Amino acid sequence: MPNTPAFQMLRAAAPTVSVGVLTANLLSLGSEVALLERTGAKLAHFDVMDGCYCPMMTVGPPFIKAIKTSLLKDVHLMIQDPLEKVAEYVAAGADIVTIHPEACAQVHRVLQKLGTLTNANDPERGVVRGVALNPSTPLELLDPLLEEIEMVSVLAVNPGWGGQKYIPATTARIARVRQMIAFAGKDILVCVDGGITKDNIAEVAATGADLIVAGSAVFDGKTPEANARFMLETVRQQGEGSRQ
Ligand code: DX5
Ligand code: ZN
């Protein structure tokens, strides 16, 4: 719900980076996430893939639960039929749960169900409900869902792997999503996910997206802390510039 503390925390932090941990060292994810806390990051993005909706398999609820962090847990469910599974992710500490409409028999019902769940980190906080739009998903799909979401995630790559290339048409899709939200008079966060690099993050931030997911550009096996700081600072500066 837009006026929940979780939503307000994100609104206050925006524009900012949600750091994807898919390419971090999963066997030492606790310390990788601790490293992110030191950079001033507010969110960790968990890409959940089930080997069914997506070719790859990644992590599930026990793993997400095991990560002890002050960061908000941004859980991107690339899984088939999430209806019976969303409660487990919320119980594991998800603050944001994003689902894919194509993976749901009844997407509206899944969002309604998410709206009834209690945040496991803090019962007052609320759970932010996101819908992810693949590069091929018609944006009109959003219209009947606007009452039941607090975030739209515009995917700039097809779900499946980290480290893919940003699809240029995404930039125009973000602009259209922002127009649709404004036209409906809603306060809904816009996220962009996939293909973000140090070279394109300023340009992507200029679209006005609230959250920018950056995974492999941060966890590049070399300098994750410096990378995260660079990405956060670039997005912060872009936000300051657009407010002036
Ligand atoms: C795509 C995932 C993205 C991806 C981001 O399947 O949803 O979150 O892991 O990773 P990078 O930043 O490496 O494109
Ligand atoms: Zn993701």
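If you go through region 44-71 and keep only what is surrounded by 23 or more Cβ atoms within 10 Å (Cβ to Cβ) and touching a helix residue (DSSP H, G or I) at 6+ places or on another chain (Cβ under 8 Å), you end up with Ala44, Phe46, Val48. Taking the stated definitions as given, is Val235 assigned to a loop (DSSP other than H, G, I, E, B), touching a residue at least 60 places away in the same chain (Cβ under 8 Å) and surrounded by 13 or more Cβ atoms within 10 Å (Cβ to Cβ)? Taking the combined requirement at face value, the residue does not satisfy it. Could you tell me which residue of region 1-31 is modelled with the highest pLDDT, considering only residues that are within 16 Å of ligand 1 (Cβ to nearest atom) and part of a helix (DSSP H, G or I)? Result: Leu29. Considering Arg109, Arg129, the condition of being within 18 Å of Lys85 (Cα to Cα), within 16 Å of ligand 2 (Cβ to nearest atom) and charged (D, E, K, R) is satisfied by Arg129 alone.
Residues that are surrounded by fewer than 21 Cβ atoms within 10 Å (Cβ to Cβ), closer than 18 Å to Glu148 by Cα and of a type outside the set (Val, Ile, Thr) do occur in region 88-101.
Only one of the numbered conditions (1) in a helix (DSSP H, G or I); (2) in contact with a Pro (Cβ under 6 Å, 6 or more places away or on another chain) is violated by Asp187, and that is (1). Here region 191-203 is the region considered, the condition is being within 16 Å of ligand 2 (Cβ to nearest atom) and surrounded by fewer than 24 Cβ atoms within 10 Å (Cβ to Cβ), and the residue that is nearest to Ser153 (Cα to Cα) is Gly195. The residue of region 112-136 that is nearest to ligand 1 (Cβ to nearest atom), among those that are under 15 Å from Leu77 (Cβ atoms) and free of Cβ contacts under 8 Å to residues at least 40 places away in the same chain, is Asn134.
One line per residue, one yes/no per condition, for (1) within 16 Å of ligand 1 (Cβ to nearest atom); (2) in contact with a helix residue (DSSP H, G or I) (Cβ under 7 Å, 6 or more places away or on another chain):
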site: Leu141; (1), (2): no, yes
site: Val157; (1), (2): yes, no
site: Ala175; (1), (2): no, no
site: Gln179; (1), (2): no, no
site: Asp187; (1), (2): no, no
site: Ala205; (1), (2): yes, yes
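For region 32-89: of the residues being part of a helix (DSSP H, G or I), among the aliphatic types (A, V, I, L, M) and within 21 Å of Arg109 (Cα to Cα), which is nearest to ligand 2 (Cβ to nearest atom)? Ranking the qualifying residues of region 32-89, first place goes to Val86.
The values are calculated or read from the model by the stated rules, or taken from the named source; none is laboratory data. Note that this is a predicted model, so its numbers are computed, not measured. Cβ: placed from backbone, ideal geometry, glycine included. Neighbour counts: every protein chain shown.
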